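*Asks:* Here's a structure for you.
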Amino acid sequence: MAIPFLDLKRVNAAHDEAIRAGIARVIDSGWYVLGEEVAAFEREFAAYCEARHCIGVADGLDALALILKAYGITSGDEVLVPSNTFIATWLAVSQAGATPVPVEPDPRTHNIDPARLEAAITPRTRAIMPVHLYGQPADMAPLLEVARRHGLKVIEDAAQAHGARYRGRRAGSLGDAAGFSFYPGKNLGALGDGGAITTNDDALAAKLRLLRNYGSTVKYRHELAGVNSRLDEMQAAVLRAKLPALDAENEARRRVAAAYLEALQGLPLRLPEVVEGAEPVWHLMVVATDRRAAVQAALTEAGIGHLVHYPIACHQQQAYAGHSWPPLPIAEALQHQVLSLPIAPYMTGEDVRRVAGVIRKALA
Ligand SMILES: *Cc1c(COP(=O)(O)O)cnc(C)c1O
């Protein structure tokens, strides 16, 4: 039997009744933008993230870009970003008019290496934007220490880490502000695009509420040159239906990840490592090998889904041609070695053993 990379229909079927009830509530309300559902979701998600504020926005990229804009980070400013991430992290910095400055990852976790931050800081550096890649929190304690020493803002890209914890605290309350995405395939996914910002910074939250809505809180009065980037009522209702089950689904992902780690022992394969104090939510299950092509071919042959996150490093994308980048050998090596295996809350130990068996044979 085939094992898809991620079956979203199956993920959402577990919430079918609650999702349909939520959507019906929105239809019947006659109010479709910035109403009760968004306000309620913002309260519920802020509480979930153990943060004081949540501001719903259109998507994860906007969440990150709006935080930068609200902090006044723009042309001439530099933001430290991981060399190994989804391009949205970099695009958010570019959208704000600032310059992304890549910092290489720790090869054990693929997350930004706090020991490499200081060498990348210049008088123009304003912020660090760590990504909790694959659902594992970045090593925040040493990172926050560097930020404090240099007076930098810390903006979490938490788009892959809904519910993850670091030293007991949730992603979304580890820095000055955090951007989340509710793209359908994320651990908390909508039925379309969606995003949110969480923060404990009251002034920032107030400014973001203006910025996302034409710079306005009172209709037709505009205090700032804002944008239109709002989470809509329909998606907020869907997210409210799914949020109560997020911890249980993350726990199910942890069981799948543990089964993988056990079943893939002893192979010429680098398995994910978890840093001290991190409780990942396993958005992705990423292994690394120099014999990736053989494993990919065997998985495809067996009807098992797989993807590469990510096949081209951000600095090598055409979108960033024409800039000069420092040598980034770790990110450049990873893009040829990483392989994402199927992971989802509905997967069984039997599924995992089947995937592992195919990989074992391919590497024998
Ligand atoms: C998905 C993702 C984003 C962007 O989210 P969108 O809602 O798709 O704009 C940003 N950063 C990371 C690391 C992501 O995985």
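*Asks:* Show me the trypsin sites (Lys or Arg not before Pro) within region 18-125 that DSSP assigns to loop and that have at most 15 other Cβ atoms within 10 Å of their Cβ.
*Replies:* Arg52, Arg108, Arg124
*Asks:* Relative to a virtual label point 7 Å from the Cα of Glu50 in the Cα→beta-carbon direction, which members of region 232-254 show backbone nitrogen distances below 15 Å?
*Replies:* Backbone N within reach: 247.
*Asks:* Next question, about the same structure. Over the residues of the chain, compute the C-alpha Rg and express it relative to 2.2 N^0.38 Å.
*Replies:* Computed over Cα atoms of the chain, the ratio equals 0.99.
*Asks:* Report, for the chain, the % of DSSP beta bridges that are antiparallel, rounded to 5.
*Replies:* Rounded to the nearest five, the antiparallel share is 60 percent.
*Asks:* Taking θ as phi - 60°, what are the ³J(HN,Hα) couplings along region 184-200 by the Karplus curve (6.51, -1.76, 1.60), each to the nearest whole Hz, with x for Gly and Pro?
*Replies:* Values, residue by residue: x, x, 6, 4, 10, x, 8, 9, x, 7, x, x, 7, 10, 10, 6, 9 Hz.
*Asks:* Among Gly226, Gly30, Gly76, which one moves the most in a GNM of the chain with springs linking Cα atoms closer than 10 Å?
*Replies:* Judging by the Gaussian network model, the answer is Gly30.
*Asks:* A follow-up question, please. Which three extents, in angstrom, do the Cα atoms of region 137-200 have along their principal axes, listed largest first?
*Replies:* Per principal axis, max minus min of the Cα coordinates gives 42, 20, 17 Å.
*Asks:* What does the charge count around Val355 come to, taking other residues whose C-beta lies under 14 Å from its C-beta (Lys +1, Arg +1, Asp -1, Glu -1)?
*Replies:* Charge balance in the 14 Å sphere: 0.
*Asks:* For region 85-152, what value does the Rg/Rh ratio take when both radii are computed over Cα atoms and Rh is the Kirkwood radius, given to two decimals?
*Replies:* So for region 85-152, dividing Rg by the Kirkwood Rh gives 0.94.
*Asks:* Connecting C-alpha atoms closer than 10 Å in a GNM of the chain, tell me which of Val286, Val26, Val38 has the biggest fluctuation.
*Replies:* For the chain, modelled as a Gaussian network with Cα springs under 10 Å, the answer is Val26.
*Asks:* 222 nm [θ] for the chain, helices only, -39500 (n - 2.57) per DSSP H run of 4+, per residue, to 500?
*Replies:* About -11500 deg cm²/dmol.
*Asks:* Separate question: Can you check what the net charge comes to around Leu267, using other residues whose Cβ is under 14 Å from the Cβ of Leu267 (Lys, Arg +1; Asp, Glu -1)?
*Replies:* +4
*Asks:* Lysines within cross-link reach of Lys186: Cα-Cα under 18 Å, excluding same-chain residues under 8 positions apart?
*Replies:* Once the sequence-local lysines are set aside, what remains near Lys186 is Lys9, Lys242.
*Asks:* Work out how far the C-alpha atoms of region 42-140 reach from end to end along every principal axis, then list the three figures in whole Å, largest first.
*Replies:* So the three principal-axis extents are 39, 33, 21 Å.
*Asks:* Please list, by residue number, everything in region 215-234 whose backbone N is under 15 Å from a paramagnetic label point 7 Å out along Cα→Cβ of Trp31.
*Replies:* Only 218-219, 232-234 fall inside the zone, counting backbone N under 15 Å.
Each reported figure results from applying straightforward, stated rules to the coordinates on display, with no laboratory input. Remember, predicted model here, so these are calculated numbers, not experimental data. Glycine also receives a Cβ, built like all others from the backbone with ideal geometry; neighbour counts cover every protein chain displayed.
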